[in-house]
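Input: a single structure, listed below in structure tokens.
The values are calculated or read from the model by the stated rules, or taken from the named source; none is laboratory data. Given the structure is predicted, the values throughout are model-derived calculations rather than measurements. Neighbour counts are summed over all protein chains in view; Cβ atoms, including those assigned to glycine, are modelled from backbone coordinates with ideal geometry.
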Amino acid sequence: MSTLTKKVLEFVETQPEGAPIAARGLLHLSNRAALDQTLSRLTRRGELMRVGRGVYVRPIKTKYGVRSPLPEKVVSELIARGETIISNGAAAANALGLTQQVPVKTIYLTSGPSRNLTLGKQSIELRHAKPWQLARANERSGQVARALGWLGPEQADRALATIQLRLTQKELSELQQLRSVLPGWMAQKVSNTLHANG
């Protein structure tokens with residue numbers, strides 16, 4: 001085993017489940033070409049899993065064998081590195097009880113570039129989001145906005161009538177404050193519904 005391979009493996013072993021590993025994060029160990037070759041070699045040996053272009057993760061060894069990292073772990077590691085990643089509109093609508101439809105694909109909205117990550121047989125799609133979709137990312141008011149965007153203008157009035165009964169006064173106020181960044185049709189629906197019932 002080469003010294004570089006050993007150093008890369010030592011680094012990999014210190015990483016939490018789902019942490020993305022890329023050559024650019026290892027440049028303190030060697031040059032890019034040598035790192036690319038080492039990462040490819042480790043992938044062929046099963047020490048790493050390639051999840052996307054130039055991105056790898058450490059496979060998880062259990063007493064039952066080797067498995068891919070959990071998708072949630074990969075997403076939380078990307079978030080920890082400064083990327084905003086949230087559920088898409090379909091997942092938001094389902095979580096809010098506005099649809100019974102369960103998303104078939106695992107799709108997240110992100111502040112980063114659009115890309116697909118493959119974890120064994122499972123695929124995660126990260127879609128670059130518009131700013132309004134990321135507004136109040138981790139709050140229910142933002143979740144409502146994403147759900148409305150997915151439901152569309154035809155279903156928005158019914159959804160707003162349903163959801164406003166489940167939101168606190170603070171969450172309703174936050175949703176009102178979002179109007180300035182929402183698409184025109186959605187801002188109008190939010191304004192009409194909340195004023196009519198306010």
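Among the strands (runs of 3 or more DSSP E) confined wholly to region 106-160, which include 3 or more residues that are in the same structural domain as Ile21 (by TED's automatic domain parsing) and touching a residue at least 24 places away in the same chain (Cβ under 8 Å)? Ranges flagged: none.
Do we find a residue being closer than 28 Å to Gly152 by Cβ, of a type in the set (Ser, Thr, Tyr) and crowded, with 17+ Cβ neighbours inside 10 Å anywhere in region 24-47? Even if it seems obvious, please write down each step before you answer.
So in region 24-47, the residues closer than 28 Å to Gly152 by Cβ come out as none.
Scanning region 24-47, I find no residue that is closer than 28 Å to Gly152 by Cβ, of a type in the set (Ser, Thr, Tyr) and crowded, with 17+ Cβ neighbours inside 10 Å, so the answer is no.
Select from region 105-117 the residues that are modelled with pLDDT of 90 or more and of a type outside the set (A, V, I, L, M) and write down the one among them that is nearest to Met49 (Cα to Cα). It comes out as Asn116.
The rows are residues; the columns are (1) more than 30 Å from Asn138 (Cα to Cα); (2) aliphatic (A, V, I, L, M); (3) in the same structural domain as Arg140 (by TED's automatic domain parsing); (4) in contact with a Cys (Cβ under 8 Å, 6 or more places away or on another chain).
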residue: Val8; (1), (2), (3), (4): yes, yes, no, no
residue: Ser30; (1), (2), (3), (4): yes, no, no, no
residue: Pro59; (1), (2), (3), (4): no, no, no, no
residue: Ser87; (1), (2), (3), (4): no, no, yes, no
residue: Leu98; (1), (2), (3), (4): no, yes, yes, no
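For region 158-185, a residue qualifies if it is surrounded by 15 or more Cβ atoms within 10 Å (Cβ to Cβ), farther than 19 Å from Ala129 by Cβ and not small (Gly, Ala, Ser), and the qualifying residues are Leu160, Ile163, Gln164, Leu167, Glu171, Leu172, Gln176.
Report whether or not Leu48 is hydrophobic (A, V, I, L, M, F, W, C) and farther than 19 Å from Glu72 by Cα. Even if it seems obvious, please write down each step before you answer.
Working: hydrophobic (A, V, I, L, M, F, W, C): yes; farther than 19 Å from Glu72 by Cα: no.
Criteria not met by Leu48.
Confirm whether Leu35 is more than 21 Å from Gly120 (Cα to Cα), touching a residue at least 24 places away in the same chain (Cβ under 8 Å) and assigned to a helix (DSSP H, G or I). Here the answer is yes, as Leu35 does meet what is asked.
In the set Val12, Val51, Val66, which member is surrounded by fewer than 20 Cβ atoms within 10 Å (Cβ to Cβ) and part of a strand (DSSP E or B)?
Working: Val12 fails: part of a strand (DSSP E or B); Val51 fails: surrounded by fewer than 20 Cβ atoms within 10 Å (Cβ to Cβ).
So the residue among Val12, Val51, Val66 that is surrounded by fewer than 20 Cβ atoms within 10 Å (Cβ to Cβ) and part of a strand (DSSP E or B) is Val66.
Screening Arg166 against (1) part of a helix (DSSP H, G or I); (2) in contact (Cβ under 8 Å) with a residue 60 or more places away in the chain leaves a single unmet condition, (1).
Would region 22-32 turn up any residue that is touching a strand residue (DSSP E or B) at 6+ places or on another chain (Cβ under 8 Å) and not in a loop (DSSP other than H, G, I, E, B)?
No, region 22-32 has no match at all.
When region 1-32 is filtered for residues that are farther than 18 Å from Thr118 by Cβ, of a type in the set (Val, Ile, Thr) and touching a residue at least 12 places away in the same chain (Cβ under 8 Å), the ones remaining, listed by number, are Thr5, Val8, Val12. Considering only residues that are among the charged types (D, E, K, R) and touching a strand residue (DSSP E or B) at 6+ places or on another chain (Cβ under 8 Å), look in region 69-106 and name the one that is surrounded by the fewest Cβ atoms within 10 Å (Cβ to Cβ). It comes out as Lys105.
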